[in-house]
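No value in this document is a laboratory result; all are computed from the given coordinates. Since the structure is predicted, the reported quantities are computational estimates derived from the model, not experimental observations. Cβ placement follows ideal geometry from the backbone for every residue including glycine, while neighbour counts extend to all protein chains displayed.
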Amino acid sequence: MPQITMPKMSDTMEEGRVIRWLKHEGDRITEGEPIAEIETDKANVEMEAFESGIVRQLIAKEGETIPVGTPIAVLEAPEGAPEAPAAPVQPPEQMPAVAAPPEAAAPAAPAQEKPAAPPEAVEERVKASPVARRMAEEHGIDLSKIQGMGPNGRIVESDVENYLKQIEAAPAPPPVVEAPPPRPAAVPTLGVPTEERELTRMRKTIAERLTKSKQTIPHFYVTSEIEMDWAARVRDELNADESQPRVSFTDLVIKASALALTKFPETNSSYSENKLLLHKEINIGMVVAVEGGLLVPVIHNADRMPLREIAAKTKELAQRARENRLLSSDYMGGTFSVSNLGMFDVESFISIINPPESASLAVGTIREVPVVVNGQVAVSKRMKATISADHRVLDGAVAARFLQEVKHHLESPISLL
C-alpha cells in the first residue's frame, strides 16, 4: 500500500511537525486535496495529497516532529482501482531439480527474457511534479538518476535544483585543516535583568538565510524618486468600482517590476557556480510581515497577469500567510522580490536579497513634497524606490536602467492596465 511521507517543502527543510490532520482514518482523499497542516522551517503550510486513495492509518501523531522522507500515513487504493498484478511464479514441476548446464541454459535464456519497456513506460514509473519534469527536460536530465525527497519518493523542483548543483560543482579542493573556531564572547548584560527566549523555527531560518545572503552576496544599492501623482489618480479611479478587487500601490509596483524584468532579463536571474541562470518565468515574491517574522509568497508569471488579477492574488496570499494557510507551492520559485514599508511611514530603506535571486526592490511611503516644475514650485506625490542588486550578476548601469524602467511604468500607469 502507498505511504505518505513527510515532504520536503523548502530547500532548507529537514523535518516538519504535524500540527493537525485535516483527514482521518477511513476518509477518502483526492490528489491535490489538503490532508494535513505542517509546521516547516518557514511557515505553517497545508500539505496536499499527491495521489488519491483512502486513509488507512495515520502513523504520525499531531504535535509530533518527523524527519523529511519518513512515513506519516498509509493509503489504500479506492474501491474499483486496479490492483497491481502479482509477479508470476513458476510452477514447481517446471523447476529443474539441479542446475542446468551452460549449454542448456543458453537456448533457454531468450524464452525467459522479457521485452524491455519502452522509454515512455520507464519515464511514467518515475514520480515527479510537472515543474520538476519541465526542468529536467530543459536541462536534459534523466529523472531516474534523481532521488526524490517529496511524498512517496516523488521528485520535486528542489530535487532537480540540487542535482544540477551537484553536477555543476567543481572538483573538491584538497582538505584544509582548519583551526578550531574561537569561543563566542559572552553577551554583555549591561547589569540589567534579561529574559532568554528560544528562537522560533521561522526566526532561525530568517537568521541563517539572510546572514548567508549578506556574507556571500556582494550587495549594492541604487535609489530613485518616482512621481506617483498619475498612479494615485488611476488607482482611485480603479477602486471606485467596488465590485472589483481593490488595487494597492504594492500591486502597481509588482506589475511595473514584472514588466521591467521582461526588458532586463539579467535582473531576473541567479548566480550559480560561475554561471548565470536566466529564469524563463517572472515570479515576484511579495514580502509579508507575519507574527514572529516574514514570509515571501510568490505571484507566478506576474508579467502575464492583468493588474486586477495581481490585486486579487496579493490579497489572497497575504491573508493566507497571516493565517498560516500557505501551501509550499505558494512560496516556491520566486525570481525577484518586492518589499513595501510605505504603510509604516518609512521614507526609504534597503532590503537584503533573498537567495537565489539576484535583486530585490524596496519602496517607501508616498509623500507630498515641494518640487520645481518648469521653474515653478509645486506639490507632488513622490515615492523612493531602492533596488538591492548582486554585483556578481548586475552592474550599476544595468540596475539603474532597470529602475528607470520601473519608474517609467509607474509614472505612465496606463502601461500597467
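Full extension of the chain between E195 and H139 yields a length gain of 15.0 nm, computed as 0.36 nm times the residue separation minus the alpha carbon distance. As a ratio to 2.2 N^0.38 Å, the alpha-carbon radius of gyration computed for the stretch 266-345 takes the value 1.18.
Take the Kirkwood radius over Cα pairs of the stretch 322-389, plug it into Stokes-Einstein at 20 °C and 1.002 mPa s, and you get 149 µm²/s for translational diffusion.
Average projection, convex hull of the Cα set of the stretch 3-76: 4.0 square nanometres.
The stretch 199-297: which GluC sites (Glu not before Pro) are DSSP loop and have at most 16 other beta-carbon atoms within 10 angstrom?
Listed in order of number, the matching sites are E242, E273, E281, E291.
Looking at this model, which pairs from K8/K313; K165/K214; K204/K315 are more than 23 angstrom apart at the alpha-carbon? Table pairs above 23 Å Cα-Cα are K8/K313; K204/K315.
Here the gap between V372 and S52, fully extended at 0.36 nm per residue and compared with their Cα-Cα distance, gives a gain of 108.7 nm.
Pick out, in residue order, every one of the GluC sites (Glu not before Pro) in the stretch 15-67 that is DSSP loop and has at most 13 other C-beta atoms within 10 Å; say none if there are none. Of the GluC sites (Glu not before Pro), the ones in loops of the stretch 15-67 whose Cβ has at most 13 other Cβ atoms within 10 Å are E25, E31, E62, E64. In a DSSP loop and with at most 14 other Cβ atoms within 10 Å, the trypsin sites (Lys or Arg not before Pro) in the stretch 220-270 are R246.
Rounded to the nearest 20 debye, the dipole magnitude of the stretch 3-76 is 160 debye, with +1 charges on Lys and Arg beta carbons, -1 on Asp and Glu beta carbons, and the Cα centre as origin.
Under Stokes-Einstein, with the Kirkwood radius over Cα pairs standing in for Rh, what whole-number D in µm²/s applies to the stretch 201-416 at 4 °C and 1.567 mPa s? Calculated translational D: 73 µm²/s.
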